[in-house]
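Trainee: Here it is: the structure, laid out below.
The values are calculated or read from the model by the stated rules, or taken from the named source; none is laboratory data. Computed from a predicted structure; not experimentally measured. Counting neighbours? That spans all protein chains shown, and the Cβs are built from the backbone with ideal geometry, glycine included.
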């Protein structure tokens, strides 16, 4: 038939508190539920595209979930939940 079966993409809500203390939700399409670290990469790329390109994360390889910690301590952004869109 020649058809390529594509993985179904599910949309996920990533709820977080930004640097102003405002709770926000961003939606991302992923084949499976993103881990906290994957969600941190997605949020950083969306909210801080220059920082995501430069990748100034000095915790990489030295700690668990370095992007999560970098967002929280350097940018005051904390991920609260990752839930599927109904």
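Trainee: Criterion first (touching a strand residue (DSSP E or B) at 6+ places or on another chain (Cβ under 6 Å) and modelled with pLDDT of 95 or more) does residue 35 satisfy it?
Mentor: Values: touching a strand residue (DSSP E or B) at 6+ places or on another chain (Cβ under 6 Å): no; modelled with pLDDT of 95 or more: yes.
Answer is no for this residue.
Trainee: Tell me which residues, restricted to region 38-68, are at pLDDT 90 or above and surrounded by 15 or more Cβ atoms within 10 Å (Cβ to Cβ). Can you show your working first?
Mentor: Applying the first criterion (at pLDDT 90 or above) to region 38-68 yields 38-47, 68.
Those that are at pLDDT 90 or above and surrounded by 15 or more Cβ atoms within 10 Å (Cβ to Cβ): 38, 39, 40, 41, 42, 43, 44, 47, 68.
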